[in-house]
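First the structure, in the form of C-alpha cells, and then the observations on it.
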Amino acid sequence: MLLPLSFIGLLAVCLLAAATPRQASELFTPPLPHKQQILIRAFGFLLLAASFFVGSLSHNAGRLLIAHIGLLGLYAAIISLGCTLCLHNKKRRDPAKRRNNHT
C-alpha cells in the first residue's frame, strides 16, 4: 500500500516543484504561462490530497501516513536538489550569460 502512495506523492511533489513561479520560469525554456502554473499546482495539490485520503482508508492508517509524510519530505529534498543542480548547470552552459558575467 505504501508503494502506490509513494508514487502518487512523488508525482505530486514533482508537479508542485515544477509549478512554483521561480522554477517554472527557469526550468522550462519558454516559461510557463501563469494559468498553466496554477493548473499544475492545483493538480499537484489534488494528487497530494488524494494520496492522504487513500492512506487514511488503510487498516493501519497511522503508521502508513507517518511513513508517507516522511517519504514526502525525502522526495522534496531530492527534487529541490535536482532542480538546483539543473538550474546551476543550465546557467553554466548558457554562453550568453557566461559572456555577460565576464565582461
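Listed values, structure above:
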| read-out | value |
| --- | --- |
| Criterion violated by His68 - all others in (1) loosely packed, with under 13 Cβ neighbours inside 10 Å; (2) touching a Phe, Trp or Tyr at 6+ places or on another chain (Cβ under 9 Å); (3) not acidic (Asp, Glu) satisfied | (1) |
| Unmet criterion (only one of (1) open to solvent by less than 50 Å² (accessible area, probe 1.4 Å); (2) in contact with a Leu (Cβ under 9 Å, 6 or more places away or on another chain); (3) not polar (S, T, N, Q)) for Cys86 | (1) |
| Residue in the stretch 40-52 that is more than 11 Å from Gly9 (Cα to Cα) and touching a Ser or Thr at 6+ places or on another chain (Cβ under 7 Å) present | no |
| Test: residue in the stretch 52-65 that is assigned to a helix (DSSP H, G or I), at pLDDT 85 or above, under 13 Å from the mean Cα position of the chain (by Cα) and of a type in the set (A, V, I, L, M) | no |
| Test result for Arg41, basic (Lys, Arg) and in contact with a helix residue (DSSP H, G or I) (Cβ under 7 Å, 6 or more places away or on another chain) | yes |
| Hits in the stretch 1-32 (condition: more than 26 Å from Leu64 (Cα to Cα) and either open to solvent by 70 Å² or more (accessible area, probe 1.4 Å) or of a type in the set (Gly, Ala, Ser) (or both)) | Ala18, Ala19, Pro21, Arg22, Ala24, Ser25, Phe28, Thr29, Pro30, Pro31 |
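The values are calculated or read from the model by the stated rules, or taken from the named source; none is laboratory data. Since the model is a prediction, treat every value here as computed from it, not as a measurement. A quick note on method: Cβ atoms are made from the backbone with ideal geometry, for glycine too, and the neighbour counts reach across all protein chains shown. Heads up: the accessible areas ignore ligands, DNA and RNA and are worked out on the full protein's heavy atoms, side chains in. Shrake-Rupley method; radii C 1.70, N 1.55, O 1.52, S 1.80 Å.
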